[in-house]
Each structure stands twice: as C-alpha cells, then as structure tokens.
1. Taking region 116-146, which residues are polar (S, T, N, Q) and part of a helix (DSSP H, G or I)?
2. Just need a number here: residues in region 77-96 that are assigned to a helix (DSSP H, G or I), more than 13 Å from residue 44 (Cβ to Cβ) and not aromatic (Phe, Trp, Tyr).
3. So for region 11-18 (the condition being of a type in the set (A, V, I, L, M, F, W, C) and closer than 21 Å to residue 96 by Cα), does at least one residue qualify?
4. Within region 38-65, can you find the residues that are at pLDDT 90 or above, surrounded by fewer than 19 Cβ atoms within 10 Å (Cβ to Cβ) and not in a helix (DSSP H, G or I)?
5. Going by the conditions given, is residue 128 among the aliphatic types (A, V, I, L, M), farther than 25 Å from residue 166 by Cβ and crowded, with 19+ Cβ neighbours inside 10 Å?
6. Can we say residue 21 is surrounded by 10 or more Cβ atoms within 10 Å (Cβ to Cβ) and not aliphatic (A, V, I, L, M)?
7. Anything in region 26-37 that is loosely packed, with under 14 Cβ neighbours inside 10 Å and either of a type in the set (Phe, Trp, Tyr) or within 14 Å of residue 95 (Cα to Cα) (or both)? List them, or say none.
8. Since residue 82 meets every condition but one in (1) out of contact with any strand residue (DSSP E or B) (no Cβ under 9 Å at 6 or more places or on another chain); (2) crowded, with 17+ Cβ neighbours inside 10 Å; (3) more than 22 Å from residue 165 (Cβ to Cβ), which condition does it not meet?
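The values are calculated or read from the model by the stated rules, or taken from the named source; none is laboratory data. Model, not experiment: these values are computed from the prediction. FYI the Cβ positions are ideal-geometry reconstructions off the backbone, even for glycines, and counts take in every protein chain you see.
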Amino acid sequence: MRPQKKPKPDTGKAKYEPTAPEKAALDRYRAGPTVPRIKVTDGKNLKPDHPDELVGSALLAEALGTGSADFMHGLISQLANAGSRGPQIDERALNFMLSVIQGIKPRDQLEAMLAAQMATIHMACMQVARELAHAKTIAHQDSAERALNKLARTFAMLLDAFKRYRTGGEQKVTVQHVSVSEGGQAIVGNVTQEASRTVPQKPVATTPALSDTRQQAMPPVEPPSQVLALHTRKKVGGRDGGQSSA
C-alpha cells in the first residue's frame, strides 16, 4: 500500500483580494502590448516572438512607423548592436529599447529613428551613471560626470527636436482659466494680433500757470542811454546816414 500524503497544514492566511483599481491595472499588465518581443537565438539570430513570423514582423514594422521590412530589420539590428556588451546580444536590453520606441508611437521612419536615438542615449546615460556612482578616483569621477552631462543634454535636445518635428514647429497655448472683470468682454476663438504701428504723439496741452497777483511785478529793464543815442544817430531822414557828426 502506498502511504497517503499528509494534507498541508492550513496556515490561516487569507488570499489577498485586489481592489478595483488594482484589478484594472492587473488586467492591463496581463494583456500586455500587442507588439511581439524580439527573441534572440544562438546569441545572434533575431526573430519576432510570435507563432507566425510574418505576422510578428508586420506588427513590429507597424510599431516602428514603417511599412518597409528593410528599415525594420536595419533599425532592430542597430539597436541590438548598441545594447549588447560583447559578441552576444542582450535580449533584455534590446526589448527594453523597443518598448521605449513603441511607447513613443512613431508615425514615420524619421520619428522612429529619433525615438531609437533617445532609447540608446538613455541606455548610455544609465551606464555612465553607474560608473559615476562607483568611481574610485577623482579623475574617473570627473570623466564620468562630464560624459553624463553631455548625454543628458543630448537626450533633451533629441526630445525637443522630436516635439518640434511632430508638431510642425507650431506652438499651441491652452488657456484653462479666464477672468473677466465687470464691464469687460472675453473673445472666444482665434485672435490675430497685428504688429503695432507707430502713432505720432499729440502735443500735450499744458495749462498756463497762474501768476500770484499779490506779488509786485518786476519792472522792465530799460536799455542804457548810450545804446539809444547810437541808434538815433544811425538813422537820419529814414535812411542809414552812414555819416555822423561828432
């Protein structure tokens, strides 16, 4: 006779019941992305992790914003080379970079290339950050700090270029709150403001000052007697005399 298995003791620990938001997050996590992962075989061969390789390739190409198989295979190979450390391809790093690109949702090949550069720059940033954290010497610390600073600024520049390319260089301003005081009017719609023109300024009218009548007026200044005498001698008979009697 076979010995009967003893029942496992009941620990009395109740099974955890997730809340409604946790269940929704769990469902989204289980569903996962519709884009297949990349499976690496023999350390160098790449293929989509999908029952049908053609369908998996089509899903990958759509996620990269292209309909070209050459572009898809070329970009995935470049990502594999950028994320590998040594002769073998790092499958986890490759799929991480692909997930970054898929999250950006590129709409064409140029957006896919910008997204791929952002993914690889981010990977390099994390590697240099690790070197900075484990630096043993001042020279190593300074070198890692400069490299991290350059990579972080490059990432920000790529992000800005991606935004400008996607929006076509347009800047959109969203007004979320408008306050209109009493007697004012609010305009709803597109407002075009022309350049301000230079308007000639009108002279400012000034009010003449009022004199104080209580003060005594200043007497007029009389010209010297010698100047008056000279003026009388110069004019004789309505014309310039030119000759004067001493």
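1. If the condition is that a residue be polar (S, T, N, Q) and part of a helix (DSSP H, G or I), then 117, 120, 127, 141, 143 are the ones that fit.
2. Of the residues in region 77-96, 7 are assigned to a helix (DSSP H, G or I), more than 13 Å from residue 44 (Cβ to Cβ) and not aromatic (Phe, Trp, Tyr).
3. Going through region 11-18, the residues of a type in the set (A, V, I, L, M, F, W, C) turn out to be 14.
Retained after the next criterion (residues that are closer than 21 Å to residue 96 by Cα): none.
Within region 11-18, none of the residues are of a type in the set (A, V, I, L, M, F, W, C) and closer than 21 Å to residue 96 by Cα.
4. Once the filter is applied, which keeps residues that are at pLDDT 90 or above, surrounded by fewer than 19 Cβ atoms within 10 Å (Cβ to Cβ) and not in a helix (DSSP H, G or I), region 38-65 yields 39, 46, 47, 49, 50, 51, 52.
5. yes
6. Values: surrounded by 10 or more Cβ atoms within 10 Å (Cβ to Cβ): no; not aliphatic (A, V, I, L, M): yes.
No: the conditions fail for residue 21.
7. 29, 32, 33, 34
8. (3)
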